[in-house]
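Any read-out appearing in this document is the output of simple, stated calculations on the displayed coordinates, not a laboratory observation. Just so we're clear, the structure is a prediction, and the values are computed from it rather than from any experiment. Here the Cβ is made from the backbone with ideal geometry for all residues, glycine too, and neighbour counts use every protein chain on show.
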Amino acid sequence: MPAVQETVEQVRRIDVDQYKYGFVTDIESDKAPKGLSEDTVRFISAKKDEPEWMLAWRLDAYRHWLTMREPRWSRVDYPQIDYQDLYYYSAPKRKAGPKSLDEIDPEILKTYAKLGIPLREQEILAGVEREGTYSRVAVDAVFDSVSVATTFKEELKKAGVIFLPISEAIKQHPDLVRKYLGSVVPVTDNFFATLNSAVFSDGSFVYVPEGVRCPMELSTYFRINEKNTGQFERTLIIADKGSYVSYLEGCTAPMRDENQLHAAVVELVALDDAEIKYSTVQNWYPGDAEGRGGIYNFVTKRGDCRGRNSKISWTQVETGSAITWKYPSCILRGDNSRGEFYSIAISNGRQQVDSGTKMLHLGKNSSSRIISKGIAAGKSNNTYRGLVSAHRKATGARNFTNCDSLLIGDHCGAHTVPYIEAKNASTVFEHEATTSKISDAQLFYCRQRGLSAEEAVALIVNGFVKDVLQQLPMEFAVEAQKLISISLEGSVG
Amino acid sequence: MPMLEVENLHVEIEGRKILEGLSLAVNAGEIHAIMGPNGSGKSTLAYVLAGKQEYEVTQGRVLFEGEDMLAMEPDERAAKGLFLAFQYPLEIPGVTGMNFLRTAINAQRKKRGEPELAIPDFMKRLREVAKRLGIEPEMLRRAVNVGFSGGEKKRNEILQMALLEPKLCVLDETDSGLDIDALKIVADGVNRLRSPDRASIVITHYQRLLNYIVPDVVHVLSKGRIVKTGGKDLALELEARGYTEYQTEAA
Amino acid sequence: MKTAAETALAEAFAAVRAKLPGDRRIAERRAAAFEAFDALGLPHRRVEEWKYTDLRALIREAKPLAAAPDAQAKRRAKGAGALLAGIGARRITFVDGAFVAELSDLVALEPGLSIAPMAKALAESDPLVASRLGAIVPTDDVAVALNTAFMGDGALVRIDRDARLERPLHLVFAFGSDTASATFTRSLVVAEEGAQATLIESHEGPDGIDYQVNTALELFVGDRAHVDHVKIGIEGARAIHVSTLMASIGAHARLRDLVFTTGGALVRNQLFVRFAGEGATLALNGANLIKGRQHVDNTLVVDHAVPGGFSRELNKSVLDGESRSVFQGKIIVRPGAQKTDGKMMAQALLLSENAEADNKPELEIFADDVQCGHGATAGALDQNLLFYLKARGIPQAEAEALLIQAFVGEAIETLEHEGVKDALMGAAAEWLGSRKQ
């Protein structure tokens, strides 16, 4: 049997039930009644003790949502979601609100420890030694619908950086939130974003003041724990003039037979000369080998390069979810602004990925770069969908796009759907795409050097995605590399 | 007991018979040269020893240190100490030579139940070997064989061999496409590995390489079997008289 | 809600259906096709395949069906096809959508070649029509449905097994009427196993009249057959032109196709090509030179349904004024179509600030052992190259012309027929000349 054939066999046998993060944390939780209505929206707002304007904003969104239809243009296939059969709010039961980590349910802390997130500041302070430097990461952890802990608050405060659960920011910094919330992804933007606007429960808020370079990586870990619970987090990051921030997002969920809905919204605003780097490692539960269970991930992420010379860079490693519908985009409004999108999307089993980006060039001499690496195995379908457009006034707009697909086995599909719209003569757009497979000869060469078939596939895939891995902060890159091996596990076993 | 024993090996690929009753015994400490015209089955022998899948063994057996090697996966054979220097080394985009070698060496060690090599130790060894073979460290930071010249690829194979320290080295036409300086470097790499516990099989079409790697035994392969075996002088004889007589003899 | 154009089409169909050529079976197919159109209406931007060419918005009114050409119309159409006058092609001429014998050359057909007007073939229930029409690459495309409903005349060509045509066939479609009207032509060309032919279509008409053309060609390329097909679009400045090629390629056959467009206000060229046998080769090229407010859309779907197909697509657009070019290219590799080698390149050269180029090169791949890729570029003339040429003493305008010709030349070069190549390069040069004025 040729090596690739063998790989294919093993992909077929993939046992996603080995999903490493598929444990359930046994905690009591406080839920909103099942289903969605104005009352649900009011319930959530009241739980969060929100000001009146916030409730009005949510209700606007809800009423608009009722007039919208679920989009079906992407290459994903799933049964109709019953929006009345979901819980829209679930919080771990607890006392008034944690004053310190000690007040957090130890079960939750254990969960995050299992996920490898060092929540306790002392652990983090100890740092991880890498090439002689100490790296420290401030973490906001979101459990089902609420933020349970944010670390490093004090040190960030000294730098003037605001890093808070968004529910807190609404209360503590209403002016900032009101000014920017919904300014990148309008309330009426799309079905899932509008739903999020109505029922979002928590998420992170970051404001980096003028001229400040955020002293550490900021990070949020999302975990869906409760059964039948939609997770609707909302993240808003504002980098004021001349500032810089790097933000990391990680996601996991336990195994559940039902499909859990995740519809997040992330909005980024970069003012003049500011830079935001946003990295995601997503390994939500992908469902089992027959496609049962798994997360439906319908996410709207958009960055607005509002200022001159601003820069927003998205990096994503997508290995999880039964369905991924996600297009982190950049509105390149400022002159000389720059957008980047680096993506690794791996699909195995019966996963369906439809992901890509939009680069909308509005400002003069704006530039963008897209590197997308899709790997399809098992019976999955993996689609890159991207739009690059330069408007009339975006003279000197430049884009370079490279999207490569790698197929493992002949029961999967890899698709590329780019839209390239040049509306003025000084545009320079370049796009290239290739599709290939791992050759038998390459595999044999690696195996002759002592690598098992599985190690060989992982090595070759890691080589294939290298250009993207390099964009990740060091800690994340290592984690991502491991994740790639794990998600192709059973691809050779 | 010989290190490698090949007995009456018959091999087919896609129904075509390539090896038809090849037998060979290589003892530790020996260097064997296998010479023969194009199409005689030299590369097939190399691939079958390493375990390439599309070759079907229809008869015979191969024992490596007394164990049935044909039952092993290619990576198991590598961990046991078999190294094949490829005639056409493969490119692996995006994977640096350094990373490739470290992954390989540790995968082998793991299979042998040895501890993994720490990065500093690995780097030290790599630097030493690279220096000896005249390979710039810069080359190891590039993706494996990507954009390498033919000579660079061959030298890279020898570097991998020197680092992995196999028991049995099989060099498949490693001399093809090399100029004289590169040839000397390759030969030097092989000679350095020469030791009482190691053996090599040097597969070549020409005698030239054997001026630098002096074999203990020379075999002539024709139409899938060994038709003559002799000392190092046999190679000189072949160089002078060509393969014609063996080709007709076997036919 | 129906648009005025959709309503007019429905009324027109009701009025003419009884008079259109064909037996009962054809009449039923016309009715079914019109029903299919009627259910969907004119395609609009929410229909993915028509995203950039919104016919519902662009076709405000549907013109009445063109009347049979009178002597005047024929006289006006006499000069049609002049671009290729020098190549000695066998001409088959259609004026206002109807075959005109006196402008066609059907004498002394080479052995193995048969040609009939489609209207006649439909009326006489030609067996080739019965077995092949609509069956080469079945599609539910709306433009094709409209064509099937209204198809009047066209060419029915058959080239027998192993027949090699020395003279190119030239289908000349000319608009000669002085009233704005619509034509629906349908042709079927069957190149049997091992046959070889060069087939040219040209479409032209006056600048002053806003006529409408919906033309379709079904092309069967049998096993081992070699066909070169060139479609030249030099319609009048106000014309709306929608064309569809439906081609299937047999085992080890070869199809080389070029769509060359300089004329027409709104042009949509659709090409649906299916690999029906293993080891076939396809080159599918497009060259557009457009200006003013022209809108030209080349949309193609290359369907690798069987293993071992080789396809190359190259689309070149040169855009001046406020023109807009659309390229949509989809390569499909179906499950099991291993060893497919498919590459697609779309390039747009923007000569004016206000031109727009939209490219959508798509890959849809369900087999792993394939080599597929696409590329797309959009940009202005390379200033460094321009400078280099000027530094060698070539004036700006000439240097630009040289570079533009080289740019579109790449798409034209792959043709075998020297005469056709020269004629098209000449047409490109003429376009460049007109640009300067």
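Worth pointing out:
- Normalised radius of gyration (Cα atoms, divided by 2.2 N^0.38 Å) for the protein assembly as shown: 1.07.
- Largest-first principal axis extents of the Cα set of the stretch B:152-251 (Å): 42, 30, 22
- Averaged over the residues of B:93-106, the number of partner chain Cβ atoms lying within 10 Å of the residue Cβ comes to 5.
- The stretch B:200-244 versus the stretch A:399-461: alpha-carbon centroid distance in Å: 44
- The stretch between B:E128 and B:R142 holds 3.2 nm of extra length on full extension. This uses 0.36 nm per residue minus the Cα-Cα distance.
- Neighbour counts of other Cβ atoms within 10 Å put B:M72, C:M118 in the fewest-to-most order B:M72, C:M118.
- Within the protein assembly as shown, percent of DSSP bridges classed antiparallel, to nearest 5: 15
- Rounded to 10°, Cα long-axis angle of helix B:150-164 versus longest principal axis of chain B: 80
- Cα-based reach from C:K390 at 19 Å (exclusive), listing lysines while leaving out same-chain residues under 8 positions away: C:K436
- DSSP-defined antiparallel bridges as percent of all bridges, chain C, nearest 5: 5
- Cα-based shape type of the stretch B:4-250, given that a ≥ b ≥ c are square roots of the gyration tensor eigenvalues and the cut on a/c is 1.5: prolate
- Sum of -39500 (n - 2.57) over DSSP H runs of 4+, divided by residues of the protein assembly as shown (222 nm, nearest 500): -8000 deg cm²/dmol
- Protection proxy ranking of A:44-57, A:189-202, by the mean of other Cβ atoms within 10 Å over each peptide's residues and highest first, is A:189-202, A:44-57.
- For residues of A:455-464, the mean tally of beta carbons on other chains within 10 Å: 5
- Counting other Cβ atoms within 10 Å as a rough exposure proxy, the listed residues C:V326, A:V468, C:V107, C:V333 run C:V107, A:V468, C:V326, C:V333 from fewest neighbours to most.
- Prolate/oblate/rounded label for chain C (Cα gyration tensor, a/c 1.5): rounded
- In the stretch C:53-107, trypsin sites (Lys or Arg not before Pro) in a DSSP loop with at most 12 other beta-carbon atoms within 10 Å: C:R60
- Spread over its residues, the convex hull of the C-alpha atoms of the stretch C:383-437 is 82 Å³ per residue.
- Cα gyration tensor category, rounded, prolate or oblate, for the stretch A:369-443 with a/c compared to 1.5: prolate
- Alpha carbon centroid spacing (whole Å) that separates the stretch C:339-365 from the stretch C:199-240: 22
- Inter-probe distance in nm under a simple model that places probes 7 Å from Cα toward Cβ, at C:D422 and C:A397: 2.6
- Computed log₁₀ I(q)/I(0) - Debye formula, equal Cα scatterers, no solvent, the stretch C:336-423, q 0.10, 0.12 Å⁻¹: -0.42, -0.58
- The share of Cα pairs per 10 Å bin across the stretch C:119-259, counted from zero up to the longest distance, runs 12, 41, 35, 12, 1 percent.
- Of A:K153, A:K301, the sequence from fewest to most neighbouring Cβ atoms within 10 angstrom is A:K153, A:K301.
- Inter-chain neighbour count for C:342-350: the average number of beta-carbon atoms from partner chains within 10 Å of each residue's beta-carbon is 2.
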